[in-house]
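Below: one structure, written as structure tokens.
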Amino acid sequence: MSTPQNDGDRPQDKRYWLDEPRNVRKVFWLLCAICALLAIADFFYHKHAHFKVEEFPVFYGLYGFVCFVFIVFAGKLLRKIVMRDEDYYDR
Amino acid sequence: MIADLSPGLIVIFGALLIPLLPQNGQLRNIYMLALPVVAALQMLTHDQGSFGQVQIFDYTLTLFRLDKLSFVFGLVFHLAALLGVIFSLHIRDTLQQVAGLVYAGAAIGALFAGDMISLFVYWELTAIASVFLIWASRTERAYAAGMRYLIIQVGSGVILLAGVILYAQKHGTVAFGHLGLVDLPTTLIFVAFGIKCAFPLLHNWLQDAYPEATVTGTVILSAFTTKLAVYALARSFAGTEILIYIGAVMTAFPVFFAVIENDLRRVLAYSLNNQLGFMVVGIGVGSELALNGTAAHAFSHILYKALLFMSMGAVLHRTGTCKASSLGGLYKSMPWTAGFCIVGAASISAFPLFSGFISKSMILTAAAGEGYWGVWLVLVFASAGVLEHSGIKIPYFAFFAHDSGKRVAEAPGNMLLAMGITAFLCIFIGVFPGTLYAILPYPVDFEPYTVAHVITQLQLLLFAMLAFALLVKTGLYPEEMPSTVLNSDWVYRRLLPKMVGALYGAGGYVRSGVLRRLQRRLEHFIAMVFRTHGPAGILARTLAPGATTLWVAALLGFMLIFYYV
């Protein structure tokens with residue numbers, strides 16, 4: 001039933017495209033490439049900015065990146081305060 | 001009269017007849033599918049205006065008011081009811097079937113109520129009917145969560161009633177129209193709406209109760225209660241400035257809790273709260289563009305949120321858990337569900353060509369256009385937050401991440417059908433926004449697909465995704481852990497019971513102290529009485545008759561002298 005190129009604990013499973021770390025890396029670099037293109041695109045159209053800050057180059061990209069990192073780190077910090085065991089309320 | 005029957009009443013009374021049909025027959029399924037369709041036809045074929053008016057004492061009740069605002073909410077409520085029925089066709093539980101449709105009918109009835117007395121009746125009916133969807137899980141946890149939910153929901157109704165009575169006394173009318181936050185009665189009504197809309201600190205019933213409902217119950221719950229409150233706020237408090245700030249807080253704070261929550265249906269409940277915030281901001285801004293944005297966002301939100309809850313419901317149905325820490329890799333065995341979930345995630349994150357993009361951008365543009373730049377910054381921040389918890393976390397931890405080794409069957413056919421239709425609608429609205437814009441309350445002069453809109457939104461989302469990829473690659477992204485995350489419900493689930501317990505303890509201490517002291521007094525008293533009246537006491541000695549006579553004589557003598565004088 002098992003084929004030689006299947007590794008590990010689940011020999012009956014077929015290998016999916018995403019199971020290859022090589023392909024996951026491809027997805028990552030694709031994402032990087034798209035981000036780079038979007039950043040360059042920022043210089044080729046007219047922004048109908050409501051606020052000064054929007055005119056800053058790649059404002060949305062940078063703001064999105066910073067917000068995301070902030071949320072994750074704030075969440076980690078919040079865990080220290082509000083995280084309890086799973087059965088906290090059942091005890 | 002029958003021709004002017006409220007669509008809500010059609011669904012409610014129709015639902016009450018469900019138990020008469022055979023439980024296992026196709027007849028019951030067809031009947032349940034037909035109910036929202038018939039009610040929707042009643043709405044679609046009816047003229048606009050106020051109908052079904054009844055005079056009670058001095059007040060006029062309007063059971064069926066159809067205008068542009070109630071139409072757009074009405075349409076999506078009927079759609080949600082129909083999709084909810086399709087999603088739960090595999091269920092053979094009469095309680096859930098009746099409760100689900102009575103609840104949907106009550107919410108539809110409330111939309112079309114033209115006066116606040118019938119609004120109140122429907123308001124309470126949504127609370128009572130919906131709690132059965134939570135209790136239908138039939139677990140101890142669900143029972144307790146349902147109880148807490150019911151108390152808060154009915155409480156909101158009681159506050160609404162108090163507000164309406166005071167309002168009627170003061171203004172002599174119960175018409176459900178624009179009120180504005182001006183005096184005590186309107187403040188009470190505002191708070192009642194605010195509880196159902198899950199305002200910050202009044203919100204926790206949502207995250208507490210929704211994830212405890214049944215697989216199908218949560219899908220139905222997610223559509224109605226909070227959007228009814230959004231509709232009520234839009235009707236009565238449009239342009240109330242404080243709503244802008246309340247809404248902004250609502251978009252931002254659930255984001256942090258959603259990052260660390262492990263139960264994926266609870267993550268979606270936080271995300272629901274965050275989406276409501278955008279609508280509340282729109283109501284607060286109150287311009288035509290903003291109110292259109294709120295109505296459009298409610299419309300697309302009900303669909304993509306139902307879709308996300310459906311996909312997580314399907315996962316729960318097949319694997320028996322919704323905990324991120326024990327899921328992963330499910331795209332291998334539930335590829336369709338994974339695909340539909342990604343459509344929902346893309347819609348809520350507001351990717352171009354998906355429904356969230358064409359509705360949320362209206363609210364953001366309206367807030368920016370009115371110059372609320374701080375609020376605008378918070379809303380853009382919250383948009384990155386939505387991407388984090390609903391756009392990435394939900395599909396990533398359920399279907400990808402590390403393979404949990406779970407190999408299950410794909411979701412049942414009726415669930416896939418419901419998810420498929422909803423996913424289609426999410427994309428359809430995103431690609432053809434004009435179809436939704438055509439039914440909004442005000443004429444629409446807004447183009448979502450400008451170069452600037454598309455590029456800025458893509459930048460925001462893709463750079464945030466890049467941040468996610470980098471955090472995961474470097475191991476900085478927090479791992480999912482089985483846990484409970486405390487929130488404001490801790491106050492009434494832990495703090496208050498503890499305080500009552502402590503008070504009871506302190507009370508016991510005081511009581512025993514007082515008792516001890518009293519007892520000592522009593523012992524002292526008894527000892528004194530014993531000293532005087534005891535066998536050796538002075539008052540217990542027997543006196544000779546002579547001495548007694550002498551004493552009596554002296555007394556009489558004294559009285560004689562006294563009276564004489």
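Here, each number is a calculation from the coordinates, and none is a lab measurement. Note that this is a predicted model, so its numbers are computed, not measured. Quick reminder, even Gly has a Cβ in these numbers, built from the backbone with ideal geometry, and neighbours come from all protein chains shown.
Observations on the model:
- Here is how the number arises for chain A: DSSP H runs of 4 or more residues each give -39500 (n - 2.57), the sum is divided by the residue count, and the result at 222 nm is -17500 deg cm²/dmol.
- q = 0.05, 0.06, 0.07 Å⁻¹, chain B: log10 I(q)/I(0) [Debye, one scatterer per Cα]: -0.28, -0.36, -0.44
- Viscosity 1.002 mPa s, temperature 20 °C, Stokes-Einstein D of region B:238-485 from Kirkwood C-alpha radius, µm²/s: 118 µm²/s
- Within 10 Å of the Cβ of each residue in A:42-54, the mean number of Cβ atoms contributed by other protein chains is 4.
- Chain A: angle of helix A:21-41 to the longest principal axis, Cα-based, in degrees nearest 10: 10 degrees
- In this simple spin-label model, placing a label point 7 Å from the Cα along the Cα-to-Cβ direction at both B:THR321 and B:TYR492 gives a separation of 3.1 nm.
- Peptide B:330-336, shielding by other chains (average Cβ, 10 Å cutoff): 1
- Dimensions of the protein assembly as shown along the principal axes, based on C-alpha atoms and rounded to the nearest Å, stand at 129, 70, 63, largest first.
- Largest-first principal axis extents, alpha carbons of region B:225-274, Å: 37, 21, 6
- Nitroxide proxy distance, nm - points 7 Å out along Cα→Cβ at A:TYR88 and B:ARG141: 1.4 nm
- Efficiency of FRET between A:GLU20 and B:ALA409 - r from beta-carbon atoms, R0 41 angstrom, step 0.05: 0.95
- Protection proxy ranking, highest mean first, for peptides B:67-78, B:267-278, B:286-297: B:267-278, B:286-297, B:67-78, where packing is the per-residue count of other beta-carbon atoms within 10 Å, averaged.
- Under Karplus coefficients 6.51, -1.76 and 1.60, residue-wise ³J(HN,Hα) of region B:126-143 in Hz, glycine/proline x: 4, 5, 5, 5, 6, 5, 5, 5, 7, 4, 5, 5, 6, 10, 4, 4, 5, 4
- The label point for B:ALA506 and the one for B:GLN23, both projected 7 Å from the Cα toward the Cβ, are 5.2 nm apart.
- Ordering of B:48-54, B:112-118, B:152-158 by packing [mean C-beta count within 10 Å, highest first]: B:112-118, B:152-158, B:48-54
- Using the rule -39500 (n - 2.57) for each DSSP H run of four or more residues, divided by the residues of chain B, the 222 nm mean residue ellipticity is -23500 deg cm²/dmol.
- Hull-based mean projected area of region A:47-91, where the convex hull spans the alpha carbons, in square nanometres: 5.1 nm²
- Model label zone, A:LEU78; criterion: amide N under 13 Å from point 7 Å along Cα-to-beta-carbon; scope region B:180-207: B:201
- Partner shielding of B:75-83 amounts to 0, given as the average count of beta-carbon atoms from other chains within 10 Å of each residue beta-carbon.
- Rg/Rh for region B:1-156 stands at 0.99; both radii use Cα atoms, and Rh follows the Kirkwood definition.
- Each 10 Å bin, from zero up to the one with the longest distance, holds this percent of the alpha carbon pairs of region B:179-265: 15, 45, 29, 10, 0.
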